[in-house]
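The values are calculated or read from the model by the stated rules, or taken from the named source; none is laboratory data. Bear in mind the structure is a predicted one, so any value in this text is a computation, not a measurement. All Cβ positions, even for glycine, are placed from backbone atoms using ideal geometry, and neighbour counts span all protein chains on display. Note: areas computed on protein heavy atoms with side chains; ligands, DNA, RNA excluded. Shrake-Rupley method; radii C 1.70, N 1.55, O 1.52, S 1.80 Å.
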Amino acid sequence: MKNVILLLLSVCGMLACTHTPKWELVWEDNFDGAEPDTTIWSRIPRGKPDWQNTQSFDNRCYEMRDGCLILKRSSIN
């Protein structure tokens, strides 16, 4: 009986691993330039809400490298 249960669990596991979700890309930015595209991206000033208390206009908070936008956490208060 244990062997049958183990076999069923193995088959279910294999079937779950073969399922390929159908993702659809709806937006992307490749950061091809030296700066982010300001028609898409903007800086937000630091504020009091949780989502805004890590924002900064400081240029040291981001870096463009090899087509990637690298965001850095600011220690500036």
**Message:** Restricting to the range 43-52, name every residue that is part of a loop (DSSP other than H, G, I, E, B) and over 14 Å from E63 (Cα atoms).
**Reply:** I44, P45, R46, G47, K48, P49
**Request:** Consider only pairs whose beta carbons are under 8 Å apart and that are at least six residues apart or on different chains; among these, list those whose first residue lies in the range 44-56 and is in contact (Cβ under 8 Å) with a residue 60 or more places away in the chain and among the acidic types (D, E) and whose second residue is part of a helix (DSSP H, G or I) and surrounded by 10 or more Cβ atoms within 10 Å (Cβ to Cβ).
**Result:** none
**Message:** For the structure I just gave you, tell me whether L8 is at pLDDT below 80, out of contact with any strand residue (DSSP E or B) (no Cβ under 7 Å at 6 or more places or on another chain) and open to solvent by 100 Å² or more (accessible area, probe 1.4 Å).
**Reply:** yes
**Asked** Which of the residues that make up the range 18-64 are of a type in the set (S, T, N, Q) and surrounded by 10 or more Cβ atoms within 10 Å (Cβ to Cβ)?
**Response** Q52, N53, T54, Q55, S56
**Meets criteria (of a type in the set (S, T, N, Q) and at pLDDT 85 or above) for T18** = no
